[in-house]
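Data first, discussion second: the structure below is written as structure tokens.
The values are calculated or read from the model by the stated rules, or taken from the named source; none is laboratory data. What you are looking at is a predicted structure, and each value in this text was computed from that prediction instead of being measured. Cβ coordinates were reconstructed from backbone atoms using ideal geometry, including for glycine residues, and neighbour counts include every protein chain displayed. Remember, those area values only see protein heavy atoms, side chains included, never the ligands or the DNA or RNA. Shrake-Rupley method; radii C 1.70, N 1.55, O 1.52, S 1.80 Å.
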Amino acid sequence: TGGHTTEILRLLSCLSESYSPRHYVFADSDKMSEAKIRSFEQERAETFPNSQFTLDRIPRSREVRQSWTSSVVTTLYSMLYSLPLTYKLKPDLILCNGPGTCVPVCISALLLGLLGIKRTIIVYVESICRVETLSLSGKILYYFSDYFIVQWPDLKEKYPKSVFLGRIV
Amino acid sequence: FRFKDSLAEDLRRADLVISHAGAGSCLEALEKGKPLVVVINEKLMNNHQLELAKQLHRDGHVFCCNCSTLVETLQSMDLTALKPFPPGQPEKFALFLDKVVGFQ
């Protein structure tokens, strides 16, 4: 959604063309991200004409401030979509930055890893907005990601296994 | 104004920005080098959005106030006291990721 998309596109801005093809997964209720992504990829194609990317939507896994128990149900529902999608794409790397949408995708990748089907590196970058506390996605994925990046020193102190690179968006 | 696609043009021409504490609004204004006054809505006190506004204030990049103190802040503020906001560095992320996946 919105701010998350802007941030993730900034993260992608300096990546080399080795990170290709790029598969964007976002919530079906998200109206604005598609335009931002297309605009980013269009610009990118000016420098790298063979750039490849795809767009996929899955049901939104959680509304803002949705209760815990109902979030588990809606996330499981989203997994009905994210699991076959992740199986189809078999990504080498998942990069996410905190919208609820990333949780079912990452869980799907973890499952595929456990089943020996595909081992995916999961890199989570917590949003620049998170200075003192982690988002709910962050709290979950802190334990399940391969690399967990925070952008403020307070969080690095509270979550010692995280990586601090300063502000990267 | 309500649903303009982008305020970028208005921002470019502004000499001062007065905004709510939303991260997108704050960062957009700061990145364009505009002096920023953040108005905090006390009714949303538990909203995590405040974290960024507070930090930016602590680091001297913005002035903070609430609705009732806005006028006073505008009258007494010294814009030259604000510290410039350096851009983020996605290149550091790219370097890190390259190492992680083995492109070196």
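Considering only the range A:154-166, state which residues are farther than 14 Å from A:THR133 by Cβ and either touching a Pro at 6+ places or on another chain (Cβ under 8 Å) or more than 8 Å from chain B (Cβ to nearest Cβ) (or both).
Taking the range A:154-166 and keeping what is farther than 14 Å from A:THR133 by Cβ, we get A:160-161, A:163-166.
Hits for the range A:154-166 are A:PRO160, A:LYS161, A:PHE164.
Within the range A:3-30, restricting attention to residues that are over 12 Å from the mean Cα position of the chain (by Cα) and within 20 Å of A:THR75 (Cα to Cα), the residue that is nearest to the other protein chains (Cβ to nearest Cβ) is A:ASP30. Could you check the range A:61-82 and list, in sequence order, the residues that are within 16 Å of the chain's Cα centre (by Cα) and open to solvent by 70 Å² or more (accessible area, probe 1.4 Å)? Listed by number, the residues that qualify are A:ARG62, A:TYR81.
Within 22 Å of B:GLU91 (Cβ to Cβ), more than 11 Å from chain B (Cβ to nearest Cβ) and either open to solvent by 20 Å² or more (accessible area, probe 1.4 Å) or not in a loop (DSSP other than H, G, I, E, B) (or both): is that true of A:TYR143 in this structure? Before you say what the answer is, go through the steps one by one.
Numbers: within 22 Å of B:GLU91 (Cβ to Cβ): no; more than 11 Å from chain B (Cβ to nearest Cβ): yes; either open to solvent by 20 Å² or more (accessible area, probe 1.4 Å) or not in a loop (DSSP other than H, G, I, E, B) (or both): yes.
Against the criterion (within 22 Å of B:GLU91 (Cβ to Cβ), more than 11 Å from chain B (Cβ to nearest Cβ) and either open to solvent by 20 Å² or more (accessible area, probe 1.4 Å) or not in a loop (DSSP other than H, G, I, E, B) (or both)), A:TYR143 does not qualify.
Taking the stated definitions as given, is B:VAL71 touching a helix residue (DSSP H, G or I) at 6+ places or on another chain (Cβ under 7 Å) and not basic (Lys, Arg)? No: the conditions fail for B:VAL71. Within the range A:83-96, one or more residues are farther than 19 Å from A:GLU7 by Cα, open to solvent by 70 Å² or more (accessible area, probe 1.4 Å) and without any contact (Cβ under 8 Å) to a residue 24 or more places away in the chain.
Out of all the residues in the range A:33-49, is one or more open to solvent by 30 Å² or more (accessible area, probe 1.4 Å) and in contact with a Lys or Arg (Cβ under 7 Å, 6 or more places away or on another chain)? Within the range A:33-49 (the criterion being open to solvent by 30 Å² or more (accessible area, probe 1.4 Å) and in contact with a Lys or Arg (Cβ under 7 Å, 6 or more places away or on another chain)), the answer is no, since none of the residues qualifies. Which members of the range B:10-51 meet the condition of being within 23 Å of B:SER68 (Cβ to Cβ), open to solvent by 40 Å² or more (accessible area, probe 1.4 Å) and not in a loop (DSSP other than H, G, I, E, B)? Of everything in the range B:10-51, those that are within 23 Å of B:SER68 (Cβ to Cβ), open to solvent by 40 Å² or more (accessible area, probe 1.4 Å) and not in a loop (DSSP other than H, G, I, E, B) turn out to be B:ILE18, B:SER25, B:GLU42, B:LYS43, B:LEU44, B:GLN49.
One residue stands out among those in the range B:57-86 that are in contact (Cβ under 8 Å) with a residue 12 or more places away in the chain and surrounded by fewer than 10 Cβ atoms within 10 Å (Cβ to Cβ): the one that is nearest to A:GLU7 (Cα to Cα), which is B:PRO84. Taking the range A:14-31 as the range and being touching a residue at least 24 places away in the same chain (Cβ under 8 Å), assigned to a loop (DSSP other than H, G, I, E, B) and under 23 Å from B:LEU95 (Cβ atoms) as the test, the residues that pass are A:GLU17, A:TYR19, A:SER20, A:PRO21.
Scanning the range A:101-138 for residues that are assigned to a helix (DSSP H, G or I), more than 12 Å from chain B (Cβ to nearest Cβ) and out of contact with any helix residue (DSSP H, G or I) (no Cβ under 8 Å at 6 or more places or on another chain), which turns out surrounded by the most Cβ atoms within 10 Å (Cβ to Cβ)?
Applying the filter and picking the extreme gives A:GLY113.
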